[in-house]
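What follows is a single structure, written as structure tokens, with notes after it.
The values are calculated or read from the model by the stated rules, or taken from the named source; none is laboratory data. What you see is a predicted model, and the numbers here were worked out from it, not measured in a lab. Quick reminder, even Gly has a Cβ in these numbers, built from the backbone with ideal geometry, and neighbours come from all protein chains shown. Accessible surface areas use protein heavy atoms only, side chains included; no ligands, DNA or RNA. Shrake-Rupley method; radii C 1.70, N 1.55, O 1.52, S 1.80 Å.
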Amino acid sequence: MSVVVAIKENGRVYLGCDSQATKGGTRTTLKNPNNYKIWNVLGVEGCAMGHVGFVREACVVRLLDDLVRDIDVYHDAIDFGFVVRRVVPAIIDALNDARFRDPEETFTGFDSSYFFAYKDRLYTIMSDGAVMEIDDYAAIGSGRDQAIGSLLSTEGQDPVTRIVKAIKSSAASDIYVDYPIVLLDTAEQTFHVVTEDNEKEFLKKKGKENA
């Protein structure tokens, strides 16, 4: 599987993910931004998502261009209820339209789990469609437990450093998690890629920026 880590801090949500994809006994590194496990929601400033699970689902969900409408942003309506009533059904409908699910059958769950982040709000959408609002930090994927353990031990450090350390911890013990680490936040909305070679330099630079 994978790992995606999210932290709420500084009036924004920080997201990070690993870049390994597996199929059967093979694996590959995701280098194209279209394949990243985190992405900016199309047409919505300050909105991003993360994904672990079946890539076929992510391909459909990341291309939704009406997941959040202008009127929702205008009325600041993007909250827990919005994710439950709007985002989850929209994902189900999109997968039905793409024939990844049989619309005639009762919904039994996704083949994936998601993060949905808007400005400083963070939600987990679980594989059964349940939604949880996150107050501080969370992780999804096969490397979740190692990442959460790392996050518990780094409280008080800057969020980018914490995410890198959490994913590094997952990569050290989970065969489905590996570098590069991709970072994004809902304020800047720019991707940063951290490799094993540039990690120390990147974190040193981030430390100076936050000093």
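Restricting the calculation to Cα atoms, every distinct pair contributes to the Kirkwood radius of segment 105-211, found to be 15.2 Å.
Helical content alone sets the calculated 222 nm signal of the chain at -8000 deg cm²/dmol, taking -39,500 (n - 2.57) per DSSP H segment of four or more residues and averaging over every residue. Of Thr124, Thr195, the residue with the largest accessible area leads and the full order is Thr195, Thr124 (1.4 Å probe). The amide H of Ser142, built 1.01 Å from its N in the peptide plane, has Ser2 as neighbours under 5 Å, considering only residues 5 or more places off or on other chains.
In the context of the full set of protein chains, segment 99-211 has a per residue accessible area of 53 Å² (1.4 Å probe).
Orientation-averaged projection of the chain equals 11.8 nm² [convex hull of Cα atoms, one quarter of hull surface area]. On full extension, the segment bounded by Asp135 and Ser173 gains 11.0 nm, given 0.36 nm per residue less the C-alpha separation.
Which of the listed residues, Pro103, Ala117, Ile92, is farthest toward the dipole's positive end in segment 59-153, when Lys, Arg count +1 and Asp, Glu count -1 at the beta-carbon? Result: Ala117, furthest along the dipole toward the positive end.
When only Cα pairs below 8 angstrom with a gap of at least 6 residues are kept, segment 76-159 shows a relative contact order of 22 percent. In order along segment 163-177, phi translates into HN-Hα couplings of 5, 4, 5, 5, 6, 4, 5, 5, 5, 5, 10, 10, 5, 9, 10 Hz, rounded to whole numbers, per the Karplus curve 6.51 cos²θ - 1.76 cosθ + 1.60 with θ = phi - 60° and x for Gly and Pro. Derived scalar couplings between HN and Hα for segment 55-70 equal 4, 4, 5, 4, 4, 6, 5, 5, 9, 5, 9, 10, 4, 10, 9, 4 Hz in order, rounded to whole Hz, by the Karplus curve 6.51 cos²θ - 1.76 cosθ + 1.60 (θ = phi - 60°), x for Gly and Pro. For the chain, the residue among Val83, Val52, Asn35 whose Cα projects farthest onto the positive side of the dipole built from Cβ charges is Asn35.
Whole Å is fine, so just give me how far the alpha carbon centre of segment 45-115 lies from that of segment 164-211. What the calculation gives is 26 Å, centre to centre. Would you mind checking the pairs Lys8/Lys37; Lys23/Lys200; Lys37/Lys165; Lys23/Lys204 and listing those with alpha carbons more than 28 angstrom apart? Violating the 28 Å Cα-Cα cut-off are Lys23/Lys200; Lys23/Lys204.
Each residue of segment 37-50 is assigned a 3J(HN,Hα), and the resulting list reads 7, 10, 7, 7, 5, 4, x, 10, 5, x, 10, 9, 9, x Hz, derived from the Karplus form 6.51 cos²θ - 1.76 cosθ + 1.60 (θ = phi - 60°), x at Gly and Pro.
Atom-type composition of the exposed protein surface of segment 26-137 places 48 percent of the accessible area on carbon and sulfur (1.4 angstrom probe).
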